[in-house]
Amino acid sequence: MKITINGINKAFESRVRLGVMSALAVNDTLDFNALKEFLDVTDGNLASHLKALEKEGFISVEKSFVGRKPNTKYYMTQEGRKAFNNHLNALEQLINMQK
Amino acid sequence: MSDTKDHLQELTEIRSMMERSSKFLSLSGWAGVFAGIYALTGAYIAYQVLQFRPQQLMSAEATPNGAGGILLLGIAVLVLAVGTAVLLSARKAQKRGEKIWNGTSRRLLLNMLVPLLTGGILILVSLSKSLTGMLVPLTLIFYGLSLFNVGAVTYRELRSLGIVQIVLGLLSFYYVQYGLLFWAAGFGIMHIIYGIYIHYRHER
């Protein structure tokens with residue numbers, strides 16, 4: 001995990017990743033399709049960003065079956081929440097500093 | 001530094017995503033106004049044409065032509081109101097570049113359906129037991145409960161509208177003979193007031 005001096009998290013530099021974290025911050029769990037709709041991205045694009053966030057340990061996956069269809073639900077880990085909050089605080093500080 | 005703008009922009013995006021992913025905000029205020037108009041028309045027909053005038057909770061004579069007429073009328077008003085709401089909300093969603101059927105609208109529907117179906121079944125059972133006077137209070141109370149529930153996943157104002165409907169419903173339990181008036185106030189007038197409020201507050 002790379003963090004700049006300001007606490008701005010490099011992992012959140014991408015729009016998609018930041019969007020995923022924002023959406024998961026206010027929803028207990030979201031499935032792949034819901035995230036896709038909110039972010040308006042392609043399957044492949046979203047999947048690769050989700051992988052990256054999962055690798056960082058910021059989100060986790062919960063796999064289950066609805067009937068016979070596999071259903072993948074994503075949720076934010078405690079570590080992810082901490083990183084996301086730090087990122088928000090850093091943004092706030094940067095804005096205040098530059099006022 | 002030119003970064004400030006970027007950071008502000010980023011915060012705005014985070015906020016917008018949090019809101020969009022947790023609340024269904026394509027609900028149309030006009031839908032409330034239309035629902036109110038249908039309800040007022042329905043109440044008028046119930047009173048004048050169907051002679052729906054229950055004096056007490058158990059009153060078979062309140063519906064001289066049987067409960068079928070009032071039931072049909074109620075379903076017609078419901079279908080019209082829901083149909084208009086779906087249509088107008090779909091248009092609003094399209095304008096906002098969102099899909100009408102997404103994670104938040106699914107949650108809205110689920111939150112709404114549990115109290116509504118419970119109420120619906122209770123009403124059918126009541127009618128079958130000649131508890132015709134229960135029709136007005138039960139529709140108001142269960143609709144109010146479902147609005148209160150839904151306030152968590154769409155405009156917060158719906159919570160207070162829900163409470164108003166519940167209070168009107170409870171009053172109409174006691175004052176059975178004024179049932180239709182309470183019903184017209186709740187489903188008619190309050191819908192129109194809240195519809196206009198939501199339109200001016202959120203849609204301009």
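Here the simple spin-label model places points 7 Å from the Cα toward Cβ, and for A:Ala47 and B:Ser128 these points are separated by 5.0 nm.
Sparsely packed loop sites in region B:1-110 (the GluC sites (Glu not before Pro) outside DSSP H, G, I, E and B with at most 16 other Cβ atoms within 10 Å) do not occur. Taking chymotrypsin sites (Phe, Trp or Tyr not before Pro) in DSSP loop conformation with at most 15 other Cβ atoms inside 10 Å as exposed sites, chain B has its longest uninterrupted site-free stretch at B:1-100.
Taking every protein chain into account, the 1.4 Å probe leaves B:Val77 with about 20 Å² of accessible area, to the nearest ten. The dipole here belongs to the protein assembly as shown: it is taken about the Cα centre, uses +1 on the Cβ of Lys and Arg and -1 on the Cβ of Asp and Glu, and is about 260 debye.
Amide hydrogen proximity for A:Asp31: with H placed 1.01 Å from N in the peptide plane, the residues at 5 or more positions away or on another chain lying under 5 Å are A:Tyr74. A dipole drawn for the protein assembly as shown from +1 and -1 charges on Cβ atoms has a positive end, and of B:Thr118, B:Leu168, A:Gly80 the residue lying farthest that way is A:Gly80. For chain A, GluC sites (Glu not before Pro) are listed when DSSP marks them as loop and at most 13 other Cβ atoms sit within 10 Å of their Cβ; the list is A:Glu13.
Per-residue Karplus couplings for region B:92-107, computed as 6.51 cos²θ - 1.76 cosθ + 1.60 with θ equal to phi - 60°, are listed in order as 5, 4, 4, 4, 7, x, 10, 8, 6, 9, 9, x, 6, 6, 4, 5 Hz, Gly and Pro entered as x.
For A:Glu13 and B:Arg106, what does the FRET efficiency come to when R0 = 41 Å and r is the distance between their Cβ atoms, rounded to the nearest 0.05? Here the calculated transfer efficiency is 0.85. Modelled label positions at B:Ile193 and B:Val114, each set 7 Å beyond Cα in the direction of Cβ, lie 2.9 nm from each other. Annotation note: trypsin sites (Lys or Arg not before Pro) in region B:97-133 located in DSSP loop regions with a Cβ neighbour count of at most 16 within 10 Å are B:Lys99, B:Lys129.
Modelled spin labels at B:Thr41 and A:Asn33, positioned 7 Å past Cα toward Cβ, are 3.5 nm from each other. Taking the Cα centre of chain A as origin and assigning +1 to Lys and Arg Cβ atoms and -1 to Asp and Glu Cβ atoms, the resulting dipole is close to 160 debye. Simple point charges give the picture: +1 on the Cβ of Lys and Arg, -1 on the Cβ of Asp and Glu, and for region B:1-40 a dipole about the Cα centre of about 240 debye.
Phi-derived couplings, Karplus 6.51 cos²θ - 1.76 cosθ + 1.60 at θ = phi - 60°, listed residue by residue for region A:79-88: 5, x, 5, 5, 5, 5, 4, 4, 4, 4 Hz, with x used for Gly and Pro.
Taking amide H atoms as placed 1.01 Å from N in the peptide plane, the amide H of A:Ile59 lies under 5 Å from those of A:Glu54, A:Thr77, each 5 or more residues away in sequence or on another chain. The phi-based Karplus calculation (6.51 cos²θ - 1.76 cosθ + 1.60; θ = phi - 60°) puts the 3J(HN,Hα) values of region B:136-147 at 5, x, 5, 5, 5, 5, 6, 5, x, 4, 6, 5 Hz, whole numbers, x for Gly and Pro. Spatial offset of region A:52-85 relative to region B:165-204 amounts to 42 Å, using the alpha carbon center of each. Each listed q (0.13, 0.23, 0.25 Å⁻¹) maps to a log10 I(q)/I(0) for chain A, found by the Debye formula over equal Cα scatterers with no solvent: -0.47, -1.22, -1.37.
The values are calculated or read from the model by the stated rules, or taken from the named source; none is laboratory data. Since this is a predicted model, take the numbers as computed values, not measurements. Cβ coordinates were reconstructed from backbone atoms using ideal geometry, including for glycine residues, and neighbour counts include every protein chain displayed. Accessible surface areas use protein heavy atoms only, side chains included; no ligands, DNA or RNA. Shrake-Rupley method; radii C 1.70, N 1.55, O 1.52, S 1.80 Å.
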